[in-house]
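All of the numbers you see were taken from the coordinates with simple rules; none came from a lab. Quantities reported herein were computed from a predicted structural model and do not represent experimental measurements. In this analysis, Cβ positions are derived from the backbone assuming ideal geometry, glycine residues included, and neighbour counts consider all displayed protein chains.
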C-alpha cells in the first residue's frame, strides 16, 4: 500500500482528499502545517507528498527545498496545491523540484491522475 | 466675594452634571452607530470570499513597514510571523531606527542580509539612511538601517523605498492574525477613494502565544489589564468607530494601519518628531485630500485584528496616557482650520468640535469637576440629593456604556470563548467607572498641563513579555 | 429626612442591579444560542460528511442524497458545502451544482431569496449562482433593482459567476450614478466574469465612453490578455489625452505581447511624461524581441529617476547587449547616478534569483 502525506490547513479539503485517496487505495496521513513534515518523512516510509504553499510556520516551497536537500527523502515526489496562481511562483515551485503544481480551484480527478502517474 | 465663589462652585456642579449627561449620551449614540455599522459589515463579510483576490488578481501590492527601535528581544519572531501572512504580493520593510542594542545585527545574521546600493531617489526626505539590505532566501524582506529619527521618520524611510501600492504600518511587537493583510487591504480593492484604513487593536495580555501567533485568547490576569480590555472596547472599538459612518475617523492606530502610498506621499508623509503621528497624518489627510477629492474616505476594518501588549503597571500606563493626550492636542491644534469648517462635512462640524471639547478639554473639565464636587460636599454647598444624582449620573451612565460595549462585543466579534471571561468583563465594566476611568482622566490632565508648559518627550514602555505556551 | 434619601439611593441601586441582571441574562442567552448553532453545524457535518463524500465519489443521483436530509438542516448543508464550492472545479463541482439544480434545495433557495430578512435573502442569492437554470437567472436579474447595496452587490457577484454579460451596462450605470466613479469598484465586479466579457467590452470601445469607463475596460482586457481588441484600442490610445487610459493601454500591449505593437511603443517611449515612459519601458521589456534596445538604453540617461530605474531593470533582461552594458556600468567605480542604479539592479537580481 502506498503512503501519502497531505499538508493542508483547510480542514474541509483535507477531509475530502483523505476520503478520496483512501478509497483509491492509498494510506493517508495529514498535518495542518509543515513543521514536523520533514521529520515525519524521515521516520515513516512515504511515497508522495501533497502540500499547500501558504501554511503557518513553514511555507510549502521552503519545505519542498528542505526535502530535496535531504538525501534520505529527496526522492519523494511532491505535488504543490495552492491558491496562488502567480506564474513566478509556479515557476519557482517547479524549479525547486515539485513534481506537479495544481492551483485552487482544482479538480480532484486531475490530482488523482497526477498521483497515479507519480506512484 | 465668598458668595461669588460659592455661587460659582454651585453652578459648576450643575455644569458638570450636564457635561456628563451630554458626553455619556453622545458615547451611547456612537456605540449604537458603531454596532449597526459592525452588523452591516459582518453581514457583508459573511458571504464575501476574500481569497478570491488570489484568483482574480485584483489585489493591491503591499509594503509592510515595521519601525524598530531597540527591539532586539522580539524582532526575529515578529518578522518570522509576519512572513507567514497569507497574501499574494507583499514585502516586509524593517526599519532599524538607530537602535542602540543589537537589533540590526540580529536581523542581519538571522536573515542573511546583503547590502545593496541606496538609490539616489527620495519621495520623502528623512534622516540619513545608512544602508539597505536584501535578504538571501527571503525574497520579500528588506532591512533599512538609519540614523535615529523617531517613529514617523522611520516609517517615512520605509515608504521611500517602497514600490508597492499600499503601505501597512505595524509595530514591532504587534501580533497579527494570518489573514490581516487580506482583510485590511480589502477596502482599497473595492474603492480607490479610500485613503487609509485602521485595524482593530486588542489586548494580548493573558493570551497564549506560539511562534508569534495567538493560539488561545484569554483575559489578562491583572486588574489593570482587565480594565483596559473593557476600556478598549468602549472607547476604541465602539466609541471611536461609530464615527466611521460620518467619515469622521480622526485616528487609526499606529499599531496596525494601512494607507494608500500615493495618498501618503501626496500629503507629505508622516510628520517627523510628532507625538501621536498616527493621529496627525489622518487629520492631515482629511484636510488635504478632501479638498481635491471630496469623496476621500478613511475607514476601519473591525475584523483585521492586531493584538498588542497593554501596560500592566500604573507608571507605564500613566506615561502612555499622557503621551496619547499630547498626541491628540498636537493633531487638533495643527489642523485647527478644520474646526467648524462646513467644507469638511460632519468631520468639521461635528467630530472635530466634539474632539476638542470632549477629548482635549474634557479631561480637564472632568477632573476639575470632581475636585469642585468634593469641595462642595465638604462645604455643604450642594444638597445630598444633588450628590446622589451627581454620583448616580457620573457612574451610572459610565457603567451602562461599559456594559453595552461588552454586550456589543458578544453580539459582533465574539472573541472571548470562555463564558467566565465574559462575566469577568462584565464585573470589570462596572468597576472600571469606580476609579480606573478617573485615573486615566487624571493622566490626561497631567499630559495636557505638561504639553502647554513645554514638557514633550517620549516615554519608553517596558517590555514585559507574553506568556509562551 | 436622612432616611428619605437612603430610600432614593437604595432605589437607584436596585434599578442598576436590575439593568445589570437583565444585561447579563441577555448576554448569556445570546451566547447559548450561538454556541448551539455552532454545535449543530459541527454535528451535521460529522453526521453527513461521509454521505456527501460518498455521493461525490459514486454515481449516486443528487436526490438520493438530498431526500434523506431534512429541510430544517439545509442551512447547515449550505454552510458545509461552501468551502468545497469555492475550492473545487471539474467533476466534483458539477456534482455539487447538481445538488442545487436537480433537487428540492433549489425550491428552498428560491423561497429563501424572497425572504424579508436581508440576511437570509443575501445568503440565498449567494448560493443561487450554483443553480444552473434560466429561471433562476431571471429571478436574480430582478434583484438587481434592489435599493439595498448589499443585495445588489451579491446579485451582481452571482450573475457574474454565471457570466450573464447583459448586466454589464447596469454595473457601469451603478457606478456612474455615484458622486465619484469608482474605478476599482467597477473592476472588482467585472473581473469576476470569464473571458466571454471581452468581445462585449471591445465593442464598447467603439462607442463614446468616459475615460473612467475606458480605463476599467482596458484593465479587464489586459487581465484576460484579449489580443483581439488591439485594433480598436490603438486609435483610442493614440488620440487619448488621458494619462491613465494611455498607461493602461500600454500595459495591455505588454501583456498581449504582440510584436507588431513595437512601433506604438516606440512612439510612447519618445514621450516625455515619466509615468508613460516607465509604462512603455516595462511593456517593451515584457514583449522582448530586442527591437527597442537602443531607446531603452538611451532612457538610462533620462532626467527622471523613475525612468532611469525602469530602464536599468529592463536592460537587465532585454537583450544580451543591454545586459552586458548594464553589467559594464555596474562595475565602474563612480558615484554617477547611472552607475549606482546599475549596481543596485545587478545586485538585486543576483540576490533575488540565486537561492
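Assign one of three labels to chain C, namely rounded, prolate or oblate, based on the Cα gyration tensor with a ≥ b ≥ c the square roots of its eigenvalues; rounded applies when a/c is under 1.5, prolate when it is not and a/b is larger than b/c, and oblate otherwise. In terms of gyration-tensor shape, prolate.
Can you give the percent of C-alpha pairs in chain B whose distance is more than 40 Å? Summing the P(r) of chain B above 40 Å gives 20 percent of all pairs. Between residue C:321 and residue C:176, full extension at 0.36 nm per residue minus the direct alpha carbon distance yields a gain of 47.3 nm. Within segment C:279-303, name every residue whose backbone N is under 13 Å away from a label modeled 7 Å from Cα of residue B:61 along the Cβ vector. The answer is C:279, C:282-283. Put the Cα centre of segment B:8-29 next to the Cα centre of segment C:133-151 and the gap is 50 Å. Each principal axis of chain A carries a Cα extent, and these read 33, 32, 26 Å when sorted largest first. By the helix-only formula, in which each DSSP H run with n ≥ 4 contributes -39500 (n - 2.57) and the sum is divided by residues, chain B has a 222 nm mean residue ellipticity of -15000 deg cm²/dmol. Between C:30, C:317, C:103, the GNM of chain C built on Cα springs shorter than 10 angstrom shows C:30 fluctuating the most. Comparing C:339, C:20, C:32 in a Gaussian network model of chain C, where Cα atoms under 10 Å apart are tied by springs, the biggest mean-square fluctuation is seen for C:20. The ranking of A:117, C:222 by Cβ neighbour count inside 10 Å, starting from the fewest, reads A:117, C:222.
Angle of helix B:180-190 to the longest C-alpha principal axis of chain B, folded into 0 to 90 degrees and rounded to 10: 90°.
One quarter of the surface of the convex hull around the alpha-carbon atoms of the protein assembly as shown equals 43.5 nm², the direction-averaged projected area.
The distance from the alpha carbon centre of segment B:93-145 to that of segment C:325-355 is 18 Å, rounded to a whole number. Distance between the C-alpha centres of segment A:16-36 and segment B:208-265: 39 Å, rounded to the whole angstrom. Among A:72, C:303, the order by Cβ neighbours within 10 angstrom, fewest to most, reads C:303, A:72. Between residue B:44 and residue C:15, the simple spin-label model (points 7 angstrom out along Cα→Cβ) gives 3.9 nm. Pairing the Cα long axis of helix C:134-143 with the longest principal axis of chain C, what angle in degrees results, from 0 to 90 and rounded to the nearest 10? The answer is roughly 90 degrees.
Between residue C:228 and residue C:134, full extension at 0.36 nm per residue minus the direct alpha carbon distance yields a gain of 30.9 nm. Given their separation in residues at 0.36 nm each and the Cα-Cα distance between them, residue A:22 and residue A:110 gain 30.1 nm when the chain is fully extended. Once Rg and the Kirkwood radius are both taken over the C-alpha atoms of segment B:359-419, their ratio Rg/Rh works out to 1.19. Three semi-axes describe the equivalent ellipsoid of segment B:212-320; taken as square roots of 5 times the Cα gyration tensor eigenvalues and ordered largest first, they are 30, 16, 13 Å. Taking R0 as 41 Å, what's the FRET efficiency between residue A:74 and residue C:30 from their Cβ-Cβ distance, rounded to 0.05? Efficiency for this residue pair is about 0.15.
Counting only alpha carbon atoms, the long axis of helix B:437-452 and the longest principal axis of chain B meet at about 70°. Using R0 = 45 Å, the C-beta based FRET efficiency linking residue C:60 and residue C:22 works out to 0.30. Mind telling me which of C:185, C:114, C:177 comes out most flexible in a GNM of chain C, alpha-carbon contacts under 10 Å? Of C:185, C:114, C:177, the most mobile in the Gaussian network model is C:177.
Of the residues B:143, B:375, A:42, A:4, the one with the fewest other Cβ atoms within 10 Å heads the list, and the complete ranking is A:42, B:375, A:4, B:143. If I model a spin label as a point 7 Å beyond the Cα along the Cα-Cβ vector, how far apart are those points for residue B:73 and residue B:130 in nm? In this crude label model, residue B:73 to residue B:130 measures out at 2.3 nm.
Treating r as the C-beta distance of residue A:87 and residue C:350 and R0 as 25 Å, the FRET efficiency rounds to 0.75.
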